[in-house]
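The values are calculated or read from the model by the stated rules, or taken from the named source; none is laboratory data. The model shown is predicted, which means the values in this text are computed figures rather than measured ones. Here the Cβ positions follow ideal geometry from the backbone for every residue, glycine too, while neighbour counts run over all protein chains shown.
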Amino acid sequence: MFLSTKINNPLEQKHVRNVEFGFYLAAIFFYTMMTGIVGSYRQAYLVNILHLSEDAVSFYNGFLSVAGFIMSFVYAMIIDNRKIGKKGKFIPIVNAVAIPIGIVTILLFYTPDGLTGTLLMIYLITIGMLHGACTSFGNAINLVSYVVSPNNKERDKVISFRSISSAVGNSAPLVVVLVIGLIIDKVSPDNPNKEYIEYIIGASLISVVGTIITLMGMRFLKERITYTEEKKNPFKGFLDIVKNKYAWTIIVSETLKNLRGIANYMGPFLAAALLGGTDKFLLFGLPTGIGTAVGIL
């Protein structure tokens, strides 16, 4: 009788525990809710609550777009050159940014009384830049899915479910704001500050719960792929990606997500013009969210 000498191949065995997988999806869902409410309602807040002029809104968006694009290279270099710790490379970043992004998300829907003109714009841009920095670093929560397992099939599964959870979480704030609006209609039907209350309460609830769940998810998560410190040419293998049909599937999926971002920008205004209120954006947002999920699948 001979003893078996078979050794489990780490590239084939299961590494991610069910509880780890579940908490990660929950963390992705609630983290994306924090970014989703900003994408869905921030523009409407500037126009309908702060009553900024078209020129002011254009300057605000233009400045953040240009400054954010420039700073994104700085953020990328910081992340890329960060030393690997006991918890890995990306999980510590998510832990560090979870609370700041929750606070900044609330501040995006809160403006101190008395701020007008230049001071108001300085405040809005400052908070906007802070939010851009937080989301740039917070995106590490998505990168974690690429390093949770050396098993290719298991890693692909985590990445796929992460994308679906993210797409659904991005639309979830629409439901939260709608429910808050229905409660306000019951309690105070003629409240003139209904829209502002929807935004600030929605952002606060989502931020508090999102921060807690994100931190919990990172406690259960583990990075398992070893990194290399070797610097490589970023353009190496570019042609292989262009020729790969699966790569184009991902490119199309990301394009659909970007188109959804445009829908988020226009949705509240279409809802207000056609349906009588920005809280009705749910009717526009859900189809785009479902479309994104289908595109990813």
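Which of the helices (runs of 4 or more DSSP H) contained wholly in the range 112-222 include at least 2 residues that are farther than 28 Å from residue 68 by Cα?
152-187, 194-220
Six or more apart or on different chains, Cβ under 8 Å: which pairs go from a residue in the range 60-75 that's within 14 Å of residue 127 (Cβ to Cβ) to one that's outside any helix (DSSP H, G or I)? Could you list them?
Every condition considered, the pairs that remain are 60/52.
How many of the residues making up the range 70-91 are part of a helix (DSSP H, G or I) and among the small types (Gly, Ala, Ser)?
So the count comes out to 2.
Hey, does the range 13-20 have a residue that's surrounded by 14 or more Cβ atoms within 10 Å (Cβ to Cβ), in contact (Cβ under 8 Å) with a residue 24 or more places away in the chain and part of a helix (DSSP H, G or I)?
Yes, the range 13-20 contains a residue that is surrounded by 14 or more Cβ atoms within 10 Å (Cβ to Cβ), in contact (Cβ under 8 Å) with a residue 24 or more places away in the chain and part of a helix (DSSP H, G or I).
Can you confirm whether residue 193 is within 27 Å of residue 134 (Cβ to Cβ) and at pLDDT 85 or above?
Criteria not met by residue 193.
Taking into account only those residues within the range 212-260 that are under 22 Å from residue 81 (Cβ atoms), loosely packed, with under 13 Cβ neighbours inside 10 Å and of a type in the set (Asp, Glu), which is modelled with the lowest pLDDT?
229
Is it the case, given these coordinates, that residue 67 is under 21 Å from the mean Cα position of the chain (by Cα), crowded, with 19+ Cβ neighbours inside 10 Å and in a helix (DSSP H, G or I)?
When the stated conditions are applied, residue 67 does not pass them.
Could you check how many residues of the range 96-122 are crowded, with 16+ Cβ neighbours inside 10 Å, in contact with a Ser or Thr (Cβ under 6 Å, 6 or more places away or on another chain) and farther than 27 Å from residue 54 by Cα?
2
Say whether the condition of being free of Cβ contacts under 8 Å to residues at least 12 places away in the same chain, among the hydroxyl-bearing types (Ser, Thr, Tyr) and more than 29 Å from residue 23 (Cβ to Cβ) is met by at least one residue in the range 102-110.
Within the range 102-110, none of the residues are free of Cβ contacts under 8 Å to residues at least 12 places away in the same chain, among the hydroxyl-bearing types (Ser, Thr, Tyr) and more than 29 Å from residue 23 (Cβ to Cβ).
Take the range 76-95 and flag every residue that is in contact (Cβ under 8 Å) with a residue 12 or more places away in the chain and either among the charged types (D, E, K, R) or surrounded by 15 or more Cβ atoms within 10 Å (Cβ to Cβ) (or both).
Answer for the range 76-95, where residues must be in contact (Cβ under 8 Å) with a residue 12 or more places away in the chain and either among the charged types (D, E, K, R) or surrounded by 15 or more Cβ atoms within 10 Å (Cβ to Cβ) (or both): 79, 87, 88, 89, 90, 91, 93, 94, 95.
Take the residues in the range 49-59 that are assigned to a helix (DSSP H, G or I) and out of contact with any helix residue (DSSP H, G or I) (no Cβ under 6 Å at 6 or more places or on another chain), then tell me which one is farthest from residue 203 (Cα to Cα).
That would be 55.
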